[in-house]
1. Taking the Cβ of Met170 as the centre, find all other residues whose Cβ is under 12 Å away and add up their charges (Lys, Arg: +1; Asp, Glu: -1).
2. Can you check what the net charge comes to around Ile484, using other residues whose Cβ is under 14 Å from the Cβ of Ile484 (Lys, Arg +1; Asp, Glu -1)?
3. Quick one: what are the phi-derived ³J(HN,Hα) couplings along the stretch 475-492, Karplus 6.51/-1.76/1.60 with θ = phi - 60°, whole Hz, x for glycine and proline?
4. Which listed residue (Ile406, Leu464, Val339) has the Cα farthest towards the positive end of the charge dipole for the stretch 320-473, taking +1 on Lys and Arg C-beta and -1 on Asp and Glu C-beta about the Cα centre?
5. Tell me, what is the percent relative contact order of the chain, built from C-alpha pairs under 8 Å that lie six or more residues apart?
6. Could you give each residue of the stretch 79-89 its phi-based ³J(HN,Hα) in whole Hz, using Karplus coefficients 6.51, -1.76, 1.60 with θ = phi - 60°, and x for Gly or Pro?
7. How big is the shadow of the Cα convex hull of the stretch 39-103, averaged over all directions, in nm²?
8. With viscosity set to 0.692 mPa s and temperature to 37 °C, compute the Stokes-Einstein D of the chain, Rh being the Kirkwood radius across alpha carbon pairs; µm²/s, no decimals.
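Any read-out appearing in this document is the output of simple, stated calculations on the displayed coordinates, not a laboratory observation. This is a predicted model, so every value here is computed, not measured. Cβ placement follows ideal geometry from the backbone for every residue including glycine, while neighbour counts extend to all protein chains displayed.
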Amino acid sequence: MSEKHILDTINSPEDIKKLSVKELDCLAEEIRSYMIQVLSRNGGHLAPNLGVVELTLALHKVFSTPKDKIIFDVGHQSYIHKIITGRREQFKTIRQYGGLSGFPKRNESEHDAFGTGHSSTSISAALGMAVARDLRHEDYEVVAVIGDGSMTGGMAFEALNNAGDLHKKMIVVLNDNEMSISKNVGAMSDYLYHLRTGETYNKIKNDIEAWLKNMEFGTDVLKAIRRLKGSVKYLMVPTSVFEELGFTYLGPVDGHDLNGLLDVLEAAKHIDGPVLVHVLTKKGKGYKPAEEHPNTFHGTGPFDIATGKKITVPGAPITYTKVFGETLMQLAAADEAIVGITAAMPDGTGLTDFAKKYPARFFDVGIAEQHAVTAAAGMAAAGLKPVAAIYSTFLQRAYDSVLHDICMQKLHVTLCLDRAGLVGDDGYTHHGVFDYAYLRSMPNMTVMAPKDEDELRHMLNTALAMESPVAVRYPRGSGLGVDISSTLELLPLGKAEVIREGRDICFWAVGSMVENAQKAAELLQECGIDAGVVNMRFAKPLDEELLAQHAERYKCLVTLEEGVLSGGVGSAVLECLNKKGLLTNCRILNLGIPDVFVPQGDKKYLLRDLMLDAASVAEQTKRFVKGEER
């Protein structure tokens, strides 16, 4: 079999089982080359997938999906799994509009046992499947593949605790590459380091070896132990935290040694009860730029393969994330009470430079959003001014902490929600479209959204001058290119900005939708419809005075938001006008995201499909003004 043709023969996991270890090694390099080629055009999670090629091949060699269940935590490392489960040709469309999802998706393939996208869920899901298997008297293996970064999430420990107690037959593969997105932090990271580098408690104690020899399949485990050589030692440490939680601990094993992986996974399969296999991998393996800068290539846009340099649009405006980070440093220089908090994403949230400049005032808590928010509440209660920068989609995981720990106590915590609205290629697990709805329902919470990057600066300044809970949400990517050199201002609380006066109708738009409202107003002008535009600025509290005036003046209002309509900003407008008895003589059109989960794809296509691009907004508004049905 020719090396360059092996990948072309892989159409299902059954084809993996036919290959020798030597052929699997060749296939691993072909897969790496294929992924680099595709992702250099599409962008995606390159470094995590380069690190788990051999591990994924070994899993499919030992286990048989879809009967056996393999659950990838987060799922950004499932690209190899997709390629070898019948989606090789489709992989060219990964994360593209109408193409494959960048994460496991149950309705995409029968081999995707559980849909993922957020961290630390795999062990819980795997345990649930093991329980269902046993109650239904079925026979299959359940494997959770979780990274050491995801192990910093509290949910993983809740699941380990329960799994050890129930003692269900299941396997947890701990993929340890010392990274999540950025460098791992915390006591668990230190603990895993000691497991990686420490002595083996005189290797394996005689009594453990004797016990293994006397148990069924114990000789298989010993065979796996003896296969490992060199500095990467195979450990069985009965005093490890995993053993104390009821797991048989096997590891660490070299995650790029197929012989060792196959032996260990085969042995783990025959142990009755929960097993944790500790696998050491190198993030970005096989592509030098990704090996040297794994955080940069964790999730990358298109790049030049030869140099590893990202392909960017010349002269693109500064990103909202960058504006946030620079403004926070400016404010922190004048106020020592300001501290920055992130949940394992200093790069993604723009806090890297803040961390370097103010290391004592920066806190990366790991993948633990709930803890990040409550810790911020504690800091606020003790007199600090915490700024917690968290992606909108991930703040959903801390709903109770925001409500119970911040809002109930009216603590001055500033939540900065990056990636709010549609995020494009990462798809429905990552779109930040629910924050308006869940945050505005919380008493004491103020919710702001800037129309551009300059207004973001003023909103952050305003938020830190307040004395109560506040959230500032802003989109992914570049701003509009406006001047950001103006002096920082304090915005009047709950007051909107009239951008354009009109005669026939008025757009009440919030955040990123203000630009589309302005474009739609210009299109309507060509049709003889004179539309006003209001930049709401505040999703809560609303500018009720101006809203009432416009309801009486225009008789037709259109709300526009890049968020779900159910409970969103448009709902807030309707509630306000109903309370004031103004809905009788004023018609309202609410435009936003309907009751669906939005797939992945270029944002311009998604907005078009949702009828939220400027042309669609103008067309719907024209029909509304004329009294036609939408």
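1. Counting the neighbours of Met170, the net charge comes to +1.
2. Local net charge: -4.
3. Values per residue, Gly and Pro as x: x, 6, x, 6, x, 8, x, 7, 5, 10, 9, 5, 5, 4, 10, 9, 7, x Hz.
4. Ile406
5. The normalised contact order for the chain reaches 11 percent.
6. 4, 5, 4, 5, 4, 9, 10, x, 10, 4, 5
7. 4.5 nm²
8. The diffusion coefficient I find is 125 µm²/s.
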